[in-house]
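To keep things clear, I will list the structure first and then write my remarks on it.
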Amino acid sequence: MGPFVYIVPSALKTKKLNTSLAGIPDYTIRDEKGERVEGVILDTFDNILLKRRLLLFGLEGGLVVLDLKEGCFVEQEIEGAWRFSSDLPAGPVAELLADVSPLRAFLTVAKVKIRQTKGVLLDDEGKTRARYTNLTVNHADSSISFGVVTSMRGYQRAFEDLIDIMGQAGAIALDNGSEIYRLLAIKRYNYTNKPELHLDADAVASETAARIISAFMLVARANESGVIGDYDTEFLHDYRVSFRKVRSVLSLFKGVYDGEITRQLKSEFSAIMQGTNRLRDLDVYLMEKDHYFTMVPEPSLAGLTLLFAYLANERKKELKKVKKILQSKAYERQVDSLNKLFMDSANLSLGPKGKLPSKLLASKLVLKRYSQVCRIAGTINRSTRDEVVHELRISCKKLRYLMEFFTPLYDQDGVRQIIKTLKVLQDNLGRFNDYSVQQTFLRQILDHELGSFKGDEMQLTEAIGALTAMLYSMQKKERTQVVKNFIHFNSEETRLLFKELFQKKGEA
Amino acid sequence: MKIIACYSNKGGVGKTATSVNLAYASAMSGKRTLLCDLDPQGASGFYFRIKPSRKLKDRAFFKDVERFVDAIRASDYDNLDLVPANLTFKDFDIFLSRMKNSRSRLKKALKAVGGDYDVIILDCPPNISLLSENVFKTADRVVVPVIPTTLSLRTLDQLYAFFDENGYQKKKLLPFFSMVQLSKKLHKESMLTLRKKYKNLLKSYVPFSTEIERMGVHRAPVTTYANKNSMGNVYAKMWKDIEAKAGIL
């Protein structure tokens, strides 16, 4: 039988456990109480650990994880500060967190006081027959205990007896970390960058558009404090993607709102995003730093070091600017009023398609975009201009957004299947674009910012030259993959799936 | 899975202490270890505070895989489990003699749990019998405690002769000096003589120690309570020697 994970809505007292033992005279419970220490509960902004049923405690000099799925505690000593899973030195906790995105920082969920107790159930000869590890955690005015009872081979009865005894002391089975948060009165924002959209197939398009926009504005705004706090680069990334989706809804739903209003709103959202463009570009560069250092030949390394020192410094300046914008009254007012605008679609004057039923419009838009993707992809061969590949990328992105927005209106498994195959092509096109953007970025430094490298111009120029050559060849490589990936995406199966999902029955 | 027997055809040479402490050393080195007590007196179990098995009686040890598996008990230490003995184990020879393939029965029984363990250590009763022949056939190595005295030399000679006569591989035998008192001239001399004669003798030896005697009081492997500088590391070192000889990775 697997381990038993329990929770007691108060502090677990050994004395109480031993009192419950009265009926079983051969047993004693003995424990070793640890010190009561200060600690923190840690998780990423998107609660990745809570979702995986893990609870991470940071203590002075060590980490403790309660793995609710496996029913065990995992511990590791660490020295010094860490923020990302990739910062952790090798060890059992590092192993457990290894596949948490290295881009997401671990942040303090709550400050707590923790006491760890290890206890055993002994028989009349002093033999251990079952064990438990208990954590008593205090937060604000609440105090709870939780832990794991483990069985030992050949002593199943004793294990069950210990569970009974724990039960008499108030222990109940625990399978979810949220219960611990609830009992400790820890409030946790349930962040996701993929909000669940509740859409109605027959609702008018203007209402559905407003609903989608509101949902993504909420996601964007949830990231503001993380951008300002500069905890990790994902906050800005999610912030931008969400606003981009908002703007996409406006352009994809052309004709749903009044033309002039749509144009105004689009430019307003574009302006909001533009303020963060350079910071994101710098983030992407700095993230790839280690990679770049392996890409260029040895003589260019000194120049590359200069370049990255410059970029890191630029990022600092750029972050300051972005913070200032996000903390400004003007921004607050602007976003607030945009938010209010979409709360109720009656606030907006409609265009000719505003009253169309949502699903009808959605199907039309998806099919139209799909045929556009196919048309562009069909023209791509070795000699096609890069601009056309970019056009394909943008078209694919729009198709993806459309399908994601409207997933709830269709057979979700089918839509997800299409998105999955589309993603391979999109990743390919995304890399193609990244390499291109990065070359442009480097060229701009050479053209406009060389003055910041007085005396080191030669070194820098050489490094940028080497890097650009590498990026160019990588971009070429991605380019050769596009046709192959499109053929893979546009299989007979996908085509049928598109038809089945988005074409009205009886329509050829 | 490797099977290491701890055997001596002479009693009182520190056989059970060796089994218990080597099993502990094996477990501490990270090997999943099962100590199987074949001695009806059940002393191994006593040292681990594990009560005699009640259900593993008579022929069940060799015939009933389920009961054999059920009889396994976790010790208080990581990686270390034990099959406790009981008094019916004294009749093993009678059961074995009535069974077909009476010399490979033990191997069959241990095979059932082999996948759970890297090392199985057998604590054997001190006689030459059908059971011990099962042990000689099954074990990858047979560790033999020898007190460096004239009498012990004789019993070791007898054991080698028995292996010779019955076609068991002599290279399986790994004798080592037990309860050594270097202050005794006889011990020193016997050790010299034996080392010349038996090249397979383990380099490490176990000195006579009151700390080992106190295992009965502590009811725990000596390493868990003894001073590291005296007895604490003796068995860990010896276990390393055995691992090397037996090819335990």
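The values are calculated or read from the model by the stated rules, or taken from the named source; none is laboratory data. Computed from a prediction, not measured in an experiment: that's the story for all the values here. All Cβ positions, even for glycine, are placed from backbone atoms using ideal geometry, and neighbour counts span all protein chains on display. The protein model used for the area step is the full one, side chains on, heavy atoms only, and it has no ligands, DNA or RNA in it. Shrake-Rupley method; radii C 1.70, N 1.55, O 1.52, S 1.80 Å.
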Subject >> Subset of the range B:39-74 [more than 10 Å from chain A (Cβ to nearest Cβ) and acidic (Asp, Glu)] >> reply: B:Asp39, B:Asp58, B:Asp64, B:Glu66
Original post:
In the set B:Ala27, B:Ala17, which member is part of a helix (DSSP H, G or I), of a type in the set (A, V, I, L, M) and open to solvent by less than 10 Å² (accessible area, probe 1.4 Å)?
Top reply: B:Ala27
Original post:
Are any of the residues in the range A:219-239 among the aromatic types (Phe, Trp, Tyr), assigned to a helix (DSSP H, G or I) and more than 30 Å from B:Asn79 (Cβ to Cβ)?
Top reply: yes
**OP:** Hey, can you tell me all the residues within the range A:95-121 that are closer than 30 Å to B:Pro52 by Cα and surrounded by fewer than 19 Cβ atoms within 10 Å (Cβ to Cβ)?
**Re:** A:Lys118
Subject >> Which numbered condition A:Leu63 misses (of (1) in a strand (DSSP E or B); (2) within 27 Å of A:Gly229 (Cβ to Cβ); (3) open to solvent by 10 Å² or more (accessible area, probe 1.4 Å)) >> reply: (3)
Original post:
Hey, among A:Tyr370, A:Tyr410, A:Tyr401, which residue is within 17 Å of A:Val241 (Cβ to Cβ) and touching a residue at least 24 places away in the same chain (Cβ under 8 Å)?
Top reply: A:Tyr401
Original post:
Could you say whether any residue in the range B:163-178 is within 18 Å of B:Ala17 (Cβ to Cβ), in a helix (DSSP H, G or I) and not aromatic (Phe, Trp, Tyr)?
Top reply: no
**OP:** Select, from B:Phe163, B:Phe176, the only residue that is free of Cβ contacts under 8 Å to residues at least 60 places away in the same chain and either touching a helix residue (DSSP H, G or I) at 6+ places or on another chain (Cβ under 7 Å) or buried (at least 23 other Cβ atoms within 10 Å of the Cβ) (or both).
**Re:** B:Phe163
Original post:
Where residues in the range B:56-75 are of a type in the set (D, E, K, R) and surrounded by fewer than 20 Cβ atoms within 10 Å (Cβ to Cβ), which of them is farthest from B:Leu38 (Cα to Cα)?
Top reply: B:Glu66
Original post:
Taking the range B:85-126 as the region of interest, how many residues are part of a loop (DSSP other than H, G, I, E, B) and more than 18 Å from B:Gly167 (Cα to Cα)?
Top reply: 11
**OP:** Take the range A:31-77 and flag every residue that is aromatic (Phe, Trp, Tyr) and closer than 18 Å to A:Ile180 by Cβ.
**Re:** A:Phe57, A:Phe73
**OP:** For B:Leu106, indicate whether it is of a type in the set (A, V, I, L, M), under 30 Å from A:Ala158 (Cβ atoms) and either open to solvent by 60 Å² or more (accessible area, probe 1.4 Å) or away from chain A (no Cβ under 14 Å) (or both).
**Re:** yes
Subject >> Close pairs (7 angstrom Cβ cut-off, 6 or more residues apart or separate chains): under 15 Å from A:Ala220 (Cα atoms) and modelled with pLDDT of 95 or more in the range A:318-338, part of a loop (DSSP other than H, G, I, E, B) and open to solvent by 60 Å² or more (accessible area, probe 1.4 Å) anywhere >> reply: none
